[in-house]
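The values are calculated or read from the model by the stated rules, or taken from the named source; none is laboratory data. In this text, all values refer to a predicted model and were calculated from it rather than measured experimentally. Heads up, the Cβs are rebuilt from the backbone with ideal geometry, glycines too, and the neighbour counts pull from every protein chain shown.
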Amino acid sequence: MEGYEKLGYVALNVSDVAKSRDFYEKQVGLQRSGDLDDGTAFLRCSEDHHSIALYRSGKPGLKRAGFEMKSERALDQLASRLAGQGIAVHEVSAAERKDLGLGRAFRISEPSTGATYEFYANMRQWGGKPFKPTVARIQRIGHFVLKVADFDAACRFHTEVLGFCVSDMIDGTICFMRCHPNPYHHGVGLGRASEDQLHHVNFMVTEVDDIGRGISRFNKAQVPIVNGPGRHPPSGSMFLYYLDPDGITVEYSFGMEEFPAEGARKPRVMEPIKASIDYWDSFLDPRKATVGAIEGLDTTVAKRIAAE
Ligand SMILES: [Fe+2]
């Protein structure tokens, strides 16, 4: 399979779009890239149409995650593989694709968590208006992590069906996967938990000063920092976790191992101890990763593509 270009965007449900849009713009450092009549807001940290979409909802958390494929062919290959596995593949309507700046796209319900995943090969670009970093030199949306009740089944689906590659495992508890052949250590993480939930959304920053300045900015604005600064042994990233206005956990990370498309090292299996997550043993607030309801796939707006 030709595979993935990258994690394209994350759509979040938030209780107050204007408040969250302000937070993601002024505190996180994303750039506004449009609003819809229904109040949905888009922000970006690249030339893509959006990197984050904010939808109004009474249940803050993950609305869906969008993955950009390498090509239309890769999109077709994935659709046939999913249909072959008995997964319902739902085409995204032309009207919604127009709002999202997407070419052909389809969605599925991830079988273990019920999370909505979307796949497309093309998203409209802001060619003439490059992303201009403000409070942080954000390079890209890096990854998201889900808490999953059926950890083993979720890991199997992401690797065997979606085709992600395991980069590292914290034995039996966390699985870090890259969207092969995208080089970054993880685009998606899964963590064993008692319930299915969004754990956090990550933005990769350019320098250690982005972490340091973030700490000062968040302290001044009373944005709760819930973990860090610390360092993740699996990916080598320095991290800082903080809360958005609904209490959804957001992460900045600086530095991440990159893998070649072919001949990559084999995944490591690390001891399930705290030092495997953070070798700085940094500050941890119990509010970390406690808000993040997963919204199921709305099949009323998506037409199912018949399995071939
Ligand atoms: Fe992370």
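Per-structure values
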{"read-out": "Flag if V226 is closer than 16 Å to R287 by Cα, more than 12 Å from the ligand (Cβ to nearest atom) and not in a loop (DSSP other than H, G, I, E, B)", "value": "yes"}
{"read-out": "Segments classed as strands (runs of 3 or more DSSP E), wholly inside segment 34-114, with at least 3 members that are of a type in the set (A, V, I, L, M, F, W, C)", "value": "41-44, 52-56, 61-69, 105-109"}
{"read-out": "Within segment 106-156, considering residues that are in contact with a Phe, Trp or Tyr (Cβ under 9 Å, 6 or more places away or on another chain) and within 16 Å of the ligand (Cβ to nearest atom), the one farthest from N182 (Cα to Cα)", "value": "A136"}
{"read-out": "Sole residue being in contact with a His (Cβ under 9 Å, 6 or more places away or on another chain), basic (K, R) and modelled with pLDDT of 95 or more, chosen from K220, K288, K266, K303", "value": "K288"}
{"read-out": "Sole residue being of a type in the set (G, A, S) and not assigned by TED's automatic domain parsing to the domain that holds A41, chosen from A121, A149, A105, A94", "value": "A149"}
{"read-out": "Segment 251-269 - residue that is within 10 Å of the ligand (Cβ to nearest atom) and not in a loop (DSSP other than H, G, I, E, B) and, of those, nearest to I294 (Cα to Cα)", "value": "E251"}
{"read-out": "The listed residue being within 18 Å of the chain's Cα centre (by Cα), farther than 30 Å from V135 by Cα and among the acidic types (D, E), out of E110, E91, E72, E68", "value": "E110"}
{"read-out": "Positions within segment 189-210 being more than 13 Å from the ligand (Cβ to nearest atom) and within 18 Å of T134 (Cα to Cα), in sequence order", "value": "T206, E207, V208, D209, D210"}
{"read-out": "Residue check for R178: crowded, with 21+ Cβ neighbours inside 10 Å, basic (K, R), more than 11 Å from the ligand (Cβ to nearest atom) and modelled with pLDDT of 95 or more", "value": "yes"}
{"read-out": "Unique residue being in contact with a Pro (Cβ under 9 Å, 6 or more places away or on another chain) and away from the ligand (no atom under 15 Å from the Cβ) when the list is A275, A221", "value": "A275"}
{"read-out": "All positions within segment 8-33 that are assigned to a strand (DSSP E or B) and either surrounded by fewer than 19 Cβ atoms within 10 Å (Cβ to Cβ) or not assigned by TED's automatic domain parsing to the domain that holds L43 (or both)", "value": "R32"}
{"read-out": "Residue selected from segment 245-265 under the condition under 20 Å from S282 (Cβ atoms) and touching a helix residue (DSSP H, G or I) at 6+ places or on another chain (Cβ under 6 Å), by the criterion surrounded by the most Cβ atoms within 10 Å (Cβ to Cβ)", "value": "Y252"}
{"read-out": "Meets criteria (hydroxyl-bearing (S, T, Y), touching a Lys or Arg at 6+ places or on another chain (Cβ under 6 Å) and at pLDDT 95 or above) for S51", "value": "yes"}
